[in-house]
């Protein structure tokens, strides 16, 4: 975790040099009008089309803003959402922080209870109950790997290592693949704190760290990679989807450069798994991180997919479990919960992503219409369907966050793993945003439980807070938007 300090970190120094040297001035503004990106997105997600920002894929579908089958359609008492899904949104908190964590799906909880009752034994034990627990774990391992596009069959299969979450998986990937110093590690300028922090620690042990720059929409500059792939490069790590802006990264193109240089590529897919289809094999990545609580599974469990034939060194010791790569008794019920959450997403994946993207576009359009100074980050890029990062120039992000919390809108200023830090967003700084833009940015992230009524009510609450705290930055745009009908699509 990145903590607030008065000292300047390695990443901050490198970031400043990259922004000054490699990002043209013309690309240092992210608040350009949205356009539809040209060309296909090469990120190894072939199972379904993705969502260009601003394009309404659900405009011709009936009830595009209504929740589909699954968690969002369950009775309120079956959804652990602190009351925000019970139809009383005028009095309840509206949860728009699904990138931090998602509510546990009741069907996942049911599957976990059953696993805890039927497979309670230690899966490393050799007696009958232990063997039953082992079968449960391995069946879930097989299903999870297949749902993420890994080759889980026969000799030469990929490996799935269960961890306590994405932070541990990222640590295992970077430390386990980088080996011993000296050497070079390449990461992007927009990585999650768990990758940045691990890289900083490896730097203190003797590794050289090189940062890949991004453009004004937060997309890694692929052409900058080949020159950085020196003979002593041990690993490249670039996230699949950014946790702050939602910008999807060209992992397939980066992987091709890495393969040509014989360098492994790790990708942090914590925000993508359970939100968009992933095909691990087609991505070309050597290792992939994910975690259950981002897709309505339990907290405390995640995974690292490793391509067949890859050498990985453990970072924990004292047990033989998982081939000695991650010792410790596997948490059977958590593993089952992660598998169940991913299966439920897979059954409804197309409907979920179209509906959530429709709601995100509805949310952004209403805010920008009523508050013209608002800046939607990565608006020109292909984004995760549920993520919206918006700046309100002239206002302070922390003051906004606290005021919105009091108004009943739960959002964030960025990564939950860095929420205790007062430092400005590394991601937005790397995109070349002006400090006034960075200092006024909030992240709103929607989920399966989000409804059109909640989106409209959230906009009204946000506008009331904005009007109370500061100027619009432009002449007033009449008044707050009128309520929209539930069946209206964007």
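The figures follow:
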{"item": "Burial order of peptide ranges 324-330, 116-122 (average beta-carbon count within 10 Å, highest first)", "result": "324-330, 116-122"}
{"item": "Fraction of the pair-distance distribution of region 229-366 above 18 Å, Cα-Cα pairs, percent", "result": "64"}
{"item": "Cβ-derived FRET efficiency at R0 22 Å, residue 164 paired with residue 110, nearest 0.05", "result": "0.45"}
{"item": "Hydrodynamic radius by Kirkwood, which averages 1/r over all alpha carbon pairs of region 80-207, in angstrom", "result": "18.8"}
{"item": "Förster radius 35 Å - calculated FRET efficiency between residue 315 and residue 118 (Cβ-Cβ, nearest 0.05)", "result": "0.65"}
{"item": "Calculated SAXS-style log₁₀ I(q)/I(0) at q = 0.11, 0.14 Å⁻¹ - region 107-345, Debye, Cα scatterers", "result": "-0.55, -0.87"}
{"item": "Region 107-345: relative contact order as a whole-number percent, Cα under 8 Å and 6+ apart", "result": "28"}
{"item": "For peptides 130-143, 177-190, sequence by mean Cβ density within 10 Å, most packed first", "result": "177-190, 130-143"}
{"item": "Packing rank of 164-173, 288-297, where each peptide gets the mean count of other beta carbons within 10 Å, highest leading", "result": "288-297, 164-173"}
{"item": "Label point distance in nm, residue 93-residue 365, each placed 7 Å from Cα along Cα→Cβ", "result": "3.0"}
{"item": "Residue 398/residue 151 FRET efficiency (R0 45 Å; Cβ-Cβ; nearest 0.05)", "result": "0.45"}
{"item": "5 Å binning of all Cα-Cα separations within region 319-455, expressed as whole percents from 0 upward", "result": "2, 8, 14, 17, 16, 13, 10, 9, 6, 3, 1, 0"}
{"item": "Potential lengthening between residue 407 and residue 329 on full extension [0.36 nm per residue; Cα-Cα distance subtracted]", "result": "23.7 nm"}
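Each value in this text was obtained by applying a stated rule to the coordinates, not by laboratory testing. Note that this is a predicted model, so its numbers are computed, not measured. In this analysis, Cβ positions are derived from the backbone assuming ideal geometry, glycine residues included, and neighbour counts consider all displayed protein chains.
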